[in-house]
Amino acid sequence: MLSLSKSLYTRGLQCEKSLWLKKYKKEVLTPPSAQAKSAFKTGDMVGSLACKLFPHGKEIPFDIKNIDGMLKLTQEHIDNGIKDIYEATFKYAGVLVMVDILHINEDGSVEICEVKSSTWNSKKKIKDIQKYIEDASIQHYVLDGCGFNVVKTSIVLLNTEYVRGSELEIDKLFSIVDVTSHVLKLQDEIPATLNGFGTVLEDKTTEPNVDIGWHCKNPYDCDAFDYCWKMQRKIPEYSVFDIFSLTKKSKALDLYEQGIVKVEDIPDDFTLTSTQKNLVDSWKQQTKIVDKKEIGKFLDSLKYPIYHFDFETYQNAVPKFEGTKAFQQITFQYSLHVEHENGNIEHKEFLGKEGTDPREELAKQIVQDIPDDVMVMAYHSRFEQDRLEELAKAFPEYSKHLLCIADNLVDLELPFKQKSYYVPEMKGKSSIKVVLPSLVPEMEKAYKDLSLIQNGGDAMDVFPKLEEMSGDDKKKYREALLEYCKLDTLAMVKVLEKLRESIK
């Protein structure tokens, strides 16, 4: 007998093999990363907050060992005239759903609200939330099967056009997007889909033979990816999928269907852009690319002193500070290495006070530390530019100076992005994470030797937690944040040094 949750249903829509693995062979699935776990936690928090849109409701406590009890309590609340039920639980045709918010109208008809910790604004279209519509459609199907008259289905999302004032306004924080018509269009397809899933799941021993493809990343990154790609299909770490991005009509899939997955096996007459050809030739011949002319042009454009600059940020799904939006990047730290023409290096830094909005103090110190007419260097500088422009908008007193700094930014990633400097070990990428070990391997060790904070993800995760720490722990983590960020800009100094050496 079919037994599915709404998450298993949407998993099956993406890939029936993934559904089968989740049911019968889950040990091959990649466990959730720290980032994924954080996203789950954020989703729970946003879901709880969205319930305030429908106050005075009753929640069905989750109890995996007593689903029947959840079903019974839901019905009791309905019978008792409760108009809003959170995590209302229903089962029909072997499918169990828990509706984030069920609203019951005076005439007994019901409305489904599916809450997501994703964002919405006036520029987005329904197609941007299609994956959530699939989720809502199975809920409509189950409730309809249980005899309810479902008159409206909505997706509740965080509104990124809402700017928080002194108080959080829940009704403005969320956008309620009516997807009823789109959900209704999917209803006729669901019985056949469920029958298909039932057939797949009847055989508990034979794994479905589903090949890899675009569906492995769309609409979600599948947790069976490593199992299917690396273990079963033997796709190497660097493959044709690194030369051609994985899309629905990727050339990489054409090569894969011909049995070609290694970069060195790409035929010499296969159509490639000049950049792709350089990458393939470099890998086949294991040769370094050093375009001294282009690197020289880049270096000649620089002028001293060079201010090597790097921000650290974190995001709140729900805006915590006045003047901020959902998921806005909050700049809380920066490091600055000032490189003079005579070779002297000086270091400056800022780390905000935990538990407060650090942005204004940060902006104030930036304009003290960086003159408005000097060359400022960042790696993947678009990120720093965006943050500077946001700060300028938020704090008009410093706006002119901050925008001058943004205008003076130079991107250290450029020579690597354009493949003016490239070694096979970079495997087609140009991020600092792959460039640094290739050019300055001793810096990679320096990062590994750091205690507590070793990457930007760690920094982003730790800073908002500082206010909850004891005094000793807080001191240790603040010191670790400073050491990490300092290393980021020192790494830029070292990378630029290696670029200079490459053209001598």
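The values are calculated or read from the model by the stated rules, or taken from the named source; none is laboratory data. As the structure is a computational prediction, the values presented were derived from the model and not from experiment. Please note: Cβ atoms are built from the backbone with ideal geometry, for glycine as well, and neighbour counts cover all protein chains shown.
Summary of values
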| read-out | value |
| --- | --- |
| Some residue of region 452-461 being without any contact (Cβ under 8 Å) to a residue 24 or more places away in the chain, in a helix (DSSP H, G or I) and either polar (S, T, N, Q) or out of contact with any Leu (no Cβ under 9 Å at 6 or more places or on another chain) (or both) | no |
| Matching residues in region 129-177 - criterion: being in contact (Cβ under 8 Å) with a residue 60 or more places away in the chain, of a type in the set (Val, Ile, Thr) and either within 18 Å of residue 50 (Cα to Cα) or surrounded by fewer than 18 Cβ atoms within 10 Å (Cβ to Cβ) (or both) | 156, 160, 163, 170, 176 |
| Conditions (1) charged (D, E, K, R); (2) part of a helix (DSSP H, G or I); (3) without any contact (Cβ under 8 Å) to a residue 24 or more places away in the chain; number of the one not met by residue 346 | (2) |
| Of all residues in region 196-222 being among the charged types (D, E, K, R) and within 23 Å of residue 427 (Cβ to Cβ), the one that is nearest to the chain's Cα centre (by Cα) | 221 |
| Top-ranked residue in region 465-491 [being of a type in the set (Gly, Ala, Ser) and surrounded by 14 or more Cβ atoms within 10 Å (Cβ to Cβ); ranked as nearest to residue 410 (Cα to Cα)] | 491 |
| Residue in region 19-29 that is under 19 Å from residue 117 (Cα atoms), surrounded by 14 or more Cβ atoms within 10 Å (Cβ to Cβ) and aromatic (Phe, Trp, Tyr) present | no |
| Pairs where the first residue, in region 468-487, is over 19 Å from residue 350 (Cα atoms) and the second is modelled with pLDDT of 95 or more and among the aromatic types (Phe, Trp, Tyr), C-beta under 8 Å, 6+ apart | 469/477 |
| Any hit, region 336-352, residues being surrounded by 20 or more Cβ atoms within 10 Å (Cβ to Cβ), more than 24 Å from residue 458 (Cβ to Cβ) and modelled with pLDDT of 95 or more | yes |
| Count of region 188-206 residues which are surrounded by 14 or more Cβ atoms within 10 Å (Cβ to Cβ), out of contact with any Lys or Arg (no Cβ under 7 Å at 6 or more places or on another chain) and not aromatic (Phe, Trp, Tyr) | 5 |
